[in-house]
1. Return the tail of the calculated pair distribution for the chain, meaning the percent of Cα-Cα pairs more than 24 Å apart.
2. Write out the trypsin sites (Lys or Arg not before Pro) in region 11-59 meeting two conditions: DSSP loop, and at most 15 other Cβ atoms within 10 Å of their Cβ.
3. Nearest 500 deg cm²/dmol is fine: what mean residue ellipticity at 222 nm does the chain get from its DSSP H runs of n ≥ 4 alone, each adding -39,500 (n - 2.57), divided by its residue count?
4. Report, by chain and number, residues whose modeled amide H sits under 5 Å from the one on TRP120, excluding near sequence neighbours (fewer than 5 apart, same chain).
5. Ranked highest first by the average count of other Cβ atoms within 10 Å around their residues, in what order do 22-35, 83-96 fall?
6. May I ask you to derive the relative contact order of the chain, considering only C-alpha pairs under 8 Å and at least 6 residues apart, and to give it as an integer percent?
7. What ³J(HN,Hα) values, in whole Hz, does the Karplus curve 6.51 cos²θ - 1.76 cosθ + 1.60 give for region 93-101 when θ = phi - 60°, with x put for Gly and Pro?
8. To the nearest 10 square angstrom, how much accessible area does HIS144 have with a 1.4 angstrom probe?
Amino acid sequence: MENSNNSDAVVRHRPALRLLHWLVAALVLVTWPLGLMIGFVKDDVKLDFYLVHESIGFLVLWIMLLRIGVRLTGSAPPSEGSAIERMAAGSVHGLLYLFLVLMPVTGFLATNAHGFPLQWFGLFPVWSPIGKSPDIAWTLSSIHETSAWILLTLFALHLGAALFHHILRRDGTLYRIL
């Protein structure tokens, strides 16, 4: 039996939060594969890939900080599902927020520590709080890479839950963010 909820009856997130959600999603879906491809491209274009990857990642950081601010200034629509489902959803969302901040921060710091300060989209230099620091560069790179795989796992859980609610439960969960 189909649930009677539809997109008109669902209380949605505020427009700013919906816009920031999809903007971050789109940027991550571009940035993540770019980062993965860096190890496979020719050396003569490798720095270009790094520049675009890091520039978009730095943009994700600032959009996420804005998103956190928007989220903290208002309430979210009530969640559907059992207490355990709501707890799981809250945990995955919290971890997504954490890794969507941690990942660009560690990537930015890692490239600076390796001696490559960010020239944001080639337009202007971004000040580095650490500068060249070879002793911590590989640690930061390792955290960044591990965070990427954790983020991919969280994304898969998030997408799987959205599809579960939309296709199997046929509730309004997906419509809250559309």
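1. Values: 6920 of 15753 pairs.
Cα-Cα pairs of the chain separated by over 24 Å account for 44 percent.
2. Values: sites: ARG12, ARG18, LYS42, LYS46; in loops: ARG12, LYS42.
Of the trypsin sites (Lys or Arg not before Pro), the ones in loops of region 11-59 whose Cβ has at most 15 other Cβ atoms within 10 Å are ARG12, LYS42.
3. On the way: 4 runs with 114 residues, N = 178.
Taken over the chain, the calculation gives -23000 deg cm²/dmol.
4. When sequence neighbours closer than 5 places are left aside, the close amide H contacts are VAL126.
5. Values: 22-35: 16.3, 83-96: 13.8.
Result, highest mean Cβ count within 10 Å first: 22-35, 83-96.
6. 30 percent
7. Ordered by residue, 3J(HN,Hα) equals 4, x, 5, 4, 4, 4, 6, 6, 9 Hz.
8. Its accessible surface works out to 40 Å², give or take rounding.
The values are calculated or read from the model by the stated rules, or taken from the named source; none is laboratory data. Keep in mind that this is a model prediction, so the values were computed, not measured. Positions of Cβ are backbone-derived with ideal geometry, glycine not excepted, and every protein chain shown enters the neighbour counts. Surface accessibility is based on the protein's heavy atoms, side chains included, excluding ligands, DNA and RNA. Shrake-Rupley method; radii C 1.70, N 1.55, O 1.52, S 1.80 Å.
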